[in-house]
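Input: a single structure, listed below in structure tokens.
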Amino acid sequence: MDRYAVFGNPINHSKSPFIHRLFAASLGEQLEYDAILAPLDGFADSWQQFVAAGGKGGNVTVPFKEQAYRMAEILSARARQAGAVNTLYINEAGKLCGDNTDGIGLVSDLVRLGANLHASTILLLGAGGASRGAIGPLLDAGVKQIVLANRTQSKAQAIARSFDHLVVACGYTDIPSIPFQIVINATSSGLTGERPDIAAEHLQHCQLAYDMLYGAKPTPFLQWAKLRGVAQQADGLGMLVAQAAEAFYIWRGKRPDIYEVIKALQEQLTA
Ligand code: ATR
């Protein structure tokens, strides 16, 4: 049976095996999907062992995405833009290929939520890997302008430089006073029970507040957005499932339906 796996450290919390097994069952694909705990200094060895044992493809999560990027012999355009790889596979010529489906996963989820991306203006908060990977796919989907705001402004500037005038970088106190239809939190602030410290005026025209994190309860950012009257709030569970669906498509050439899997995960989280 074809074998796939997600590599990370830690990996216990990973929902990827659950998601990919549901995808496979729904499409009648025969495959195995495991979670592999790679030692912090041993990702390359873990991957090699997996391939030697017949492994066909992998997902890569924290903290190995940049290392996977350096390991890949062939990089997709979106992996190059993100500077990180979350999907690995071996092509017919035996070359190790790296792709990044996180950004397109975000776009698919925004579309699922009914967001009108075309000609929209987006406020993107945070300047880590999560933001970097999202910008290219958002622009490809027709977004008119992205304001990239980060607590540490210089990091936002470093990312914006590679995207020309379509991405404007700033700190939290000098965000331009323009209407944002969508505000996306790509910071890890929710992990410590915080939210990005931006002024409420930036939510005034916002129809959708999105947090890339997810959990049993709405994140502090989503709670705040609701309090401030944003009509729709969504966490990153849909993005997680959608990025997995893109990886599945790369490996198997079949597109799984994400709706049922998101529902199953939501039920699991709130059980
Ligand atoms: P990832 O790869 O998941 O994006 P990262 O590279 O560690 O993670 O980046 C974390 C992001 O969250 C950064 O933009 C960080 O802001 P700084 O660059 O100023 O450190 C942001 N972040 C983390 N905690 C935050 C908080 N409490 N408030 C605002 N931003 C926060």
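Derivation of every value follows stated rules applied to the coordinates shown; laboratory data play no part. Computed from a prediction, not measured in an experiment: that's the story for all the values here. Backbone-built Cβ (ideal geometry, glycine too); neighbour counts: all protein chains shown.
Please tell me if residue 221 is surrounded by 13 or more Cβ atoms within 10 Å (Cβ to Cβ), within 16 Å of the ligand (Cβ to nearest atom) and more than 29 Å from residue 99 (Cα to Cα).
When the stated conditions are applied, residue 221 passes them.
On the stretch given as segment 94-107, residues that are touching a strand residue (DSSP E or B) at 6+ places or on another chain (Cβ under 8 Å) and either in a loop (DSSP other than H, G, I, E, B) or away from the ligand (no atom under 16 Å from the Cβ) (or both) total 7.
Scanning segment 108-162 for residues that are among the aliphatic types (A, V, I, L, M) and either in a strand (DSSP E or B) or in contact with a His (Cβ under 9 Å, 6 or more places away or on another chain) (or both) gives 122, 123, 124, 125, 141, 143, 146, 147, 148, 149. Of all residue pairs spaced 6 or more apart or on separate chains, those with beta-carbon atoms under 9 Å, a first member in segment 64-88 that is assigned to a loop (DSSP other than H, G, I, E, B) and a second member that is aromatic (Phe, Trp, Tyr) are 64/7; 64/43; 64/47; 83/69; 84/69; 85/64; 85/69. Restricting segment 1-33 to residues that are surrounded by fewer than 17 Cβ atoms within 10 Å (Cβ to Cβ) and assigned to a strand (DSSP E or B), the residue that is farthest from the chain's Cα centre (by Cα) is 2. Across segment 191-202, which residue is nearest to residue 107 (Cα to Cα) among those that are surrounded by 17 or more Cβ atoms within 10 Å (Cβ to Cβ) and out of contact with any helix residue (DSSP H, G or I) (no Cβ under 6 Å at 6 or more places or on another chain)? Filtering first and then ranking leaves 202.
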